[in-house]
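Participant: After the structure tokens below, expect a handful of questions from me.
Nothing in this text is a laboratory measurement; each read-out follows from the coordinates by a stated rule. Computed from a prediction, not measured in an experiment: that's the story for all the values here. When we count neighbours, we look across all protein chains shown, and the Cβ atoms used for this are built from the backbone with ideal geometry, even at glycine.
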Amino acid sequence: MSNTGLSTIAALVLAIAAVPAGADQITDIKTEAGEKFFHKECYRCHSVDADRDSYGPLLTGVVGRRAGAQDGYPYSEALAQAGFVWTPGALKAWMMDNDGFLPRTKMRHVGIADPTVLDFIVSYLGSISD
Ligand code: HEC
């Protein structure tokens, strides 16, 4: 991770520690951190704007959506036929080891091991799924 990323997280952690934050504030901070990690790890392949084409499927609305169900996207057979719903847990397992979670998809291997980062990104994906 870049130093900028680390210092951003350090600043966010300090913000969490300094304010007697309510649950909403903590969610906001997690979502903001998650957006940064999303931009670093996912954004080059995934759009969050229906007007912007991307190599991977649009991820707005992904939390709670059936896998392989974004209209018009040419999914691999593996994802098109997967049949499960993207819960926060499934998304974390996918980001930890997508090939292990569901083999033979078109997504290059992504391996995010840090549970905090996974939690942040899921929080961000949830915020664009309402
Ligand atoms: C190098 C490009 C690339 C990167 C980086 C990438 N993805 Fe993907 N992703 C894809 C492609 C391509 C697919 C479609 C796979 C298929 O159809 O087999 C996909 C599929 C997905 C799906 C399934 C969506 C659906 O509609 O079922 C999710 C969820 C997902 N990616 C999340 C992520 C997240 C979160 C990250 C960042 C941690 C990420 N991806 C990083 C290319 C990428």
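Participant: How high is the FRET efficiency from A93 to R66, r the C-beta distance, R0 22 Å, rounded to 0.05?
Facilitator: Values: r = 16 Å, r/R0 = 0.74.
After rounding, the FRET efficiency stands at 0.85.
Participant: Also, I was wondering about something else. Provide S7, S129 in ascending order of the number of other Cβ atoms located within 10 Å of each residue's Cβ, fewest first.
Facilitator: Final ranking by Cβ density, sparse to dense: S7, S129.
Participant: So for the pair R108, Y73, with labels modelled 7 Å out along Cα→Cβ, what separation do we get in nm?
Facilitator: Label at R108, label at Y73, 1.7 nm between them.
Participant: Moving to a separate point now. When only C-alpha pairs under 8 Å and at least 6 residues apart count, what is the relative contact order of the range 85-130, in percent?
Facilitator: That works out to 35 percent.
Participant: Fewest Cβ neighbours within 10 Å first, please rank L125, L118 accordingly. Could you put the intermediate results ahead of the total?
Facilitator: Working: L125 25, L118 20.
The most exposed by this proxy come first: L118, L125.
Participant: Also, quick follow-up: From Cα pairs below 8 angstrom and at least 6 apart in sequence, can you work out the relative contact order of the range 3-127, rounded to a whole percent?
Facilitator: Numbers: 135 pairs, mean separation 34.9, N = 125.
After rounding, I find 28 percent.
Participant: Rounded to the nearest 10 degrees, what's the angle between the helix 23-41 long axis and the longest principal axis of the chain, both from Cα atoms, 0 to 90?
Facilitator: Taking Cα atoms only, the helix is inclined about 50 degrees.
Participant: Between the DSSP loop rule and a limit of at most 12 other Cβ atoms within 10 Å, which chymotrypsin sites (Phe, Trp or Tyr not before Pro) in the range 45-130 are left?
Facilitator: Of the chymotrypsin sites (Phe, Trp or Tyr not before Pro), the ones in loops of the range 45-130 whose Cβ has at most 12 other Cβ atoms within 10 Å are Y55, F84.
Participant: I need T27, T105, T60 ordered by Cβ neighbour count within 10 Å, fewest first.
Facilitator: Result, fewest neighbours first: T27, T60, T105.
Participant: Now, a different point. Given the rule -39500 (n - 2.57) for each run of at least 4 DSSP H residues, summed and divided by the residues of the chain, what is its mean residue ellipticity at 222 nm, to the nearest 500 deg cm²/dmol? Show your work: numbers first, answer last.
Facilitator: Working: 6 runs with 65 residues, N = 130.
That calculation yields -15000 deg cm²/dmol at 222 nm.
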